[in-house]
Amino acid sequence: MSARARFALIAHVALIALGLSAGVADAQAPAPSEVAKGMAGAWEISNAARDKTCPVTFKLDAAGGGFKLDLDPACGAAFPSLRDVAHWAMGPNDAVRLFDSKGAIILDFMEVEAHMFEAERKGEGLFFMRTQAAIQAATVTADQLFGEWILLKEFEKPLCKLTLSNATAGTESYKLTVKPGCDASIAGIGLSIWRLDRDELVLTGPGGAWRFSESDTTTWERIPPSTDPLLLMRQ
C-alpha cells in the first residue's frame, strides 16, 4: 500500500472514531425533564443569615452527565466548597444536585417550600437556594416603610407613635420622629434615625439601637425574639 493510501485510510478511521465518540457523548447527555426545565435561570445560594451569597445560573446544555451552570466569581470566596462545582443534575424526588468534575455530589438540594431549596453540608451547615426573582420580589425597600407606625407590646396598648420619614440623615439613613406621649421605656432611648440593614429595620438613638425583623407587610418584631415581644406596626 502506498503512503498516500495509508494516510487516506488512517484519516478515514479517525473520522469514524470521531463520529462514534460524538454519538456516545450525545447518548450520555441527559434529556432535560420538565422539572429540570423549570430550574433553568437565575438563582441564589446563601447561608441561613444570607450574609454570604452566591449567584448561580442553571442551564440546560449537557455537561458531565448533567447540565452546565454559571457561578459568580465571588462564590468561591463565600463558599469554598463551591469552587469545585462543575455541573448540576436532577436527583431522586426532584432533588437538585451540584457535582464536581469527578461526579461527586457537592450539595444535594431538596425543595422545602415553593421555589425554596435547602441542603446541608457536613461542617458547613445549611445552604438555601431561591430564585433571584423571588428574592427581589421579597426585598423590602425604604420607600415601602415611609409613614406612621406604633410601638407596642403584644396584646397591650400602644407604647409610642412615631414617623419613619423620607428625610435623609446620612448614607442610606432617614430621620425618625417620636410623637409626644411616648412611654418612658422608649422615650429614654431617644430614637431619631432609622435605616434598613439587609432584611432588618434598625431604629437608632443615643440610648442604643433596636433591630426588627419583618413578620408581615404591616408588622415587624424586635430581634432577637423574646417572651415579651416588642412590635412595630403600621398605622
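GLY76 meets each of the listed conditions (1) without any contact (Cβ under 8 Å) to a residue 60 or more places away in the chain; (2) surrounded by 15 or more Cβ atoms within 10 Å (Cβ to Cβ); (3) touching a strand residue (DSSP E or B) at 6+ places or on another chain (Cβ under 7 Å) apart from (3).
Among the residues of segment 168-190, the ones that are in a loop (DSSP other than H, G, I, E, B) and either modelled with pLDDT of 95 or more or of a type in the set (Lys, Arg) (or both) come to 1 in all.
Here is the figure for segment 76-100: residues that are touching a helix residue (DSSP H, G or I) at 6+ places or on another chain (Cβ under 7 Å) and of a type outside the set (D, E, K, R) total 4.
Taken over segment 60-73, the criterion of being open to solvent by less than 70 Å² (accessible area, probe 1.4 Å) and in a strand (DSSP E or B) is satisfied by LEU60, ALA62, ALA63, GLY66, PHE67, LEU69, LEU71. Candidates in segment 176-192 are the residues that are in contact with a Gly (Cβ under 7 Å, 6 or more places away or on another chain) and closer than 12 Å to THR163 by Cα; of these, the one that is surrounded by the fewest Cβ atoms within 10 Å (Cβ to Cβ) is SER192.
Across segment 191-214, what is the number of residues that are among the aliphatic types (A, V, I, L, M), modelled with pLDDT of 90 or more and within 26 Å of the chain's Cα centre (by Cα)? Walk me through how you get there before you give the answer.
Keep residues of segment 191-214 that are among the aliphatic types (A, V, I, L, M), which gives 191, 193, 196, 201-203, 209.
Subsequent filtering for residues that are modelled with pLDDT of 90 or more retains 191, 193, 201-203, 209.
Those still in the list that are within 26 Å of the chain's Cα centre (by Cα) too: 201-203.
So the count comes out to 3.
Residues in segment 215-235 that are within 22 Å of THR163 (Cβ to Cβ), part of a loop (DSSP other than H, G, I, E, B) and within 27 Å of the chain's Cα centre (by Cα): THR217, THR218. Note on segment 86-105: among residues that are open to solvent by less than 20 Å² (accessible area, probe 1.4 Å) and within 18 Å of the chain's Cα centre (by Cα), the one that is nearest to ARG130 (Cα to Cα) is VAL96. Quick check: anything in segment 110-125 in a strand (DSSP E or B), open to solvent by less than 30 Å² (accessible area, probe 1.4 Å), out of contact with any helix residue (DSSP H, G or I) (no Cβ under 7 Å at 6 or more places or on another chain) and closer than 25 Å to ARG222 by Cα? Checking segment 110-125: not a single residue is in a strand (DSSP E or B), open to solvent by less than 30 Å² (accessible area, probe 1.4 Å), out of contact with any helix residue (DSSP H, G or I) (no Cβ under 7 Å at 6 or more places or on another chain) and closer than 25 Å to ARG222 by Cα.
The listed residues are ALA48, ALA40, and the only one of them that is at pLDDT 95 or above, open to solvent by 30 Å² or more (accessible area, probe 1.4 Å), aliphatic (A, V, I, L, M) and closer than 26 Å to VAL112 by Cβ turns out to be ALA40. Tell me, please, whether a residue that is of a type in the set (Lys, Arg), at pLDDT 85 or above and assigned to a loop (DSSP other than H, G, I, E, B) can be found in segment 148-167. No, that holds for no residue.
The values are calculated or read from the model by the stated rules, or taken from the named source; none is laboratory data. Treat the numbers as computed from the prediction; the structure is a model and nothing was measured. Heads up, the Cβs are rebuilt from the backbone with ideal geometry, glycines too, and the neighbour counts pull from every protein chain shown. The area values use the complete protein model at the heavy-atom level, side chains included, leaving out ligands, DNA and RNA. Shrake-Rupley method; radii C 1.70, N 1.55, O 1.52, S 1.80 Å.
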